[in-house]
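Below: one structure, written as structure tokens.
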Amino acid sequence: MKKQIAILGSTGSIGTQALQVIEEHPDLYEAYALTANNKVDLLIEQARKFMPEAVVIVNEAKYPQLKEALSDLPIKVYAGEEALCQIVESAPIQVVLTAMVGYAGLRPTMNAIRAGKAIALANKETLVVAGELINSMANQYHTPVLPVDSEHSAVFQCLAGEMGNPIEKVILTASGGPFRTYTMEQLRTVTKEQALHHPNWSMGAKITIDSASMMNKGFEVIEAKWLFGVRPDQIEVVVHPQSVIHSMVQFEDSAVKAQLGMPDMRLPIQYAFSYPDRVKSSFERLDFSKCTDLTFEQPDTKRFRNLALAYEALHQAGNMPCIVNAANEVVVAAFLKDQISFLGMSDVIEKTMQKVSYIQTPTYEDYVATDAEARRIAAEQLL
Ligand code: NAD
Ligand code: MG
């Protein structure tokens, strides 16, 4: 039986790499549903090649083009947000890969959990916004949430075979991004073009900006809390510019386990699909004669304030991480349109954290309201 996989965001960086994994293992995996926001041409091409049962385009204006282009094939074609939320419930689907960007991933992920689907989670924003809710739902419906983020996949791989051995510390590695060595003065004038040029990874625009500002690492700290059940003081970030060690776990006997490899997202994607097994791959192997220089530094939260803000949100808990996520989505979109400076992004996030009503134990409805309020308050500061 081939594993039936739904890819939410199949036209993106993670989505296209997931399709490469499926293509490499046609005996093991099948794309049951593919979805995209806007890129209809690529979605058509993917649908014709992978022959899924269904495709969804979120932008309804693109529906006629998609429908027409696939009219000779027995593929169901849907459009809109509601269709995206419903498609994950289809009975044959076993794994839902959440590879879309931002808060928009929350509702389809919740639906998939309710329908008992295993979640291969790339969309870290879902856990940042509503980690507590997602965890309790995953427990209630007995659905695994398998990490796709490379750091969390590394930790997850280090934990294999360690059942019952408590974690002392999770050590997340960070490349430091393109501005690792920049002074405050230099950071004041960096452009989106510079920020979009990540030294080690090729990713979607939003996460690339988050990596440059280190908000991505902050989000990964929050993600680690929910995935591995550790306290904030048990999560450490270490800057490791070569991105060879993908992350580590320290146990109570002082042993540190690490997972290493080339920076290639196909491995964590494939591991989430194949878990608990490992499957042979064609991915490039690490060549130790070429990585003779592995270095480590402390992160600088003065230059990269977003990391400190994310830790602050984690400590305050409640709806605070949801506030930070919403404000961050607003400022990143603005930065990509040259409407705010690189350092200005942290100012807006911090002010939004102060202004939005704090809720200690939010419900789903509270998250929806918080997200809207935080977006409004962050946007006001851009005017
Ligand atoms: P991307 O921008 O390359 O692709 C995003 C995909 O999601 C596209 O297919 C797009 O059509 C779809 N999408 C975007 N907005 C949507 C919306 N509102 N509704 C429905 N679909 C929407 O992004 P990416 O780099 O592939 O990242 C996807 C997710 O994976 C993000 O949450 C990111 O943080 C996470 N992630 C990515 C990487 C990476 O290497 N790219 C690594 C770790 C985690
Ligand atoms: Mg990561």
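The values are calculated or read from the model by the stated rules, or taken from the named source; none is laboratory data. Note that the structure is predicted; figures quoted are calculated from it, not measured. Backbone-built Cβ (ideal geometry, glycine too); neighbour counts: all protein chains shown. Side chains are part of the model used for accessible areas, which takes the heavy atoms of the whole protein and leaves out ligands, DNA and RNA. Shrake-Rupley method; radii C 1.70, N 1.55, O 1.52, S 1.80 Å.
Observations, loosely collected:
- Condition check for residue 104: within 12 Å of ligand 1 (Cβ to nearest atom), within 25 Å of residue 209 (Cβ to Cβ) and assigned by TED's automatic domain parsing to the domain that holds residue 124: yes
- Matching residues, segment 19-48, being in a helix (DSSP H, G or I), near ligand 1 (Cβ under 9 Å from one of its atoms) and either of a type in the set (S, T, N, Q) or under 20 Å from residue 95 (Cβ atoms) (or both): 43
- Within segment 207-253, considering residues that are in a loop (DSSP other than H, G, I, E, B) and of a type in the set (Gly, Ala, Ser), the one most open to solvent (accessible area, probe 1.4 Å): 229
- Segment 127-136, residues that are buried (at least 20 other Cβ atoms within 10 Å of the Cβ) and either away from ligand 1 (no atom under 16 Å from the Cβ) or within 17 Å of residue 150 (Cβ to Cβ) (or both): 127, 128, 133
- Candidates 176, 161 - the one that is open to solvent by 20 Å² or more (accessible area, probe 1.4 Å), of a type in the set (Gly, Ala, Ser) and on the phi > 0 side of the Ramachandran plot: 161
- Strands (runs of 3 or more DSSP E) wholly inside segment 49-100 that include at least 2 residues being buried (at least 17 other Cβ atoms within 10 Å of the Cβ) and under 24 Å from the mean Cα position of the chain (by Cα): 54-57, 95-98
- Pairs linking a residue in segment 217-241 that is closer than 19 Å to residue 199 by Cβ to a residue that is open to solvent by 30 Å² or more (accessible area, probe 1.4 Å) and within 15 Å of ligand 2 (Cβ to nearest atom), with Cβ atoms under 7 Å and 6 or more positions apart or on different chains, are 237/299; 239/299.
- Candidates 303, 285, 376 - the one that is out of contact with any Gly (no Cβ under 9 Å at 6 or more places or on another chain), surrounded by fewer than 23 Cβ atoms within 10 Å (Cβ to Cβ), assigned by TED's automatic domain parsing to the domain that holds residue 209 and at pLDDT 95 or above: 303
- Any hit, segment 80-98, residues being in contact with a helix residue (DSSP H, G or I) (Cβ under 9 Å, 6 or more places away or on another chain), within 16 Å of ligand 2 (Cβ to nearest atom) and modelled with pLDDT of 95 or more: yes
- Any chance residue 113 is within 16 Å of ligand 1 (Cβ to nearest atom), of a type outside the set (Phe, Trp, Tyr) and more than 24 Å from residue 243 (Cα to Cα): no
- Enumeration of residues in segment 137-155 that are open to solvent by less than 20 Å² (accessible area, probe 1.4 Å), within 16 Å of ligand 1 (Cβ to nearest atom) and not charged (D, E, K, R): 146, 147, 148, 150, 152, 153, 154, 155
- Filter result for residue 153 (within 14 Å of ligand 2 (Cβ to nearest atom), farther than 22 Å from residue 255 by Cβ and touching a residue at least 60 places away in the same chain (Cβ under 8 Å)): no
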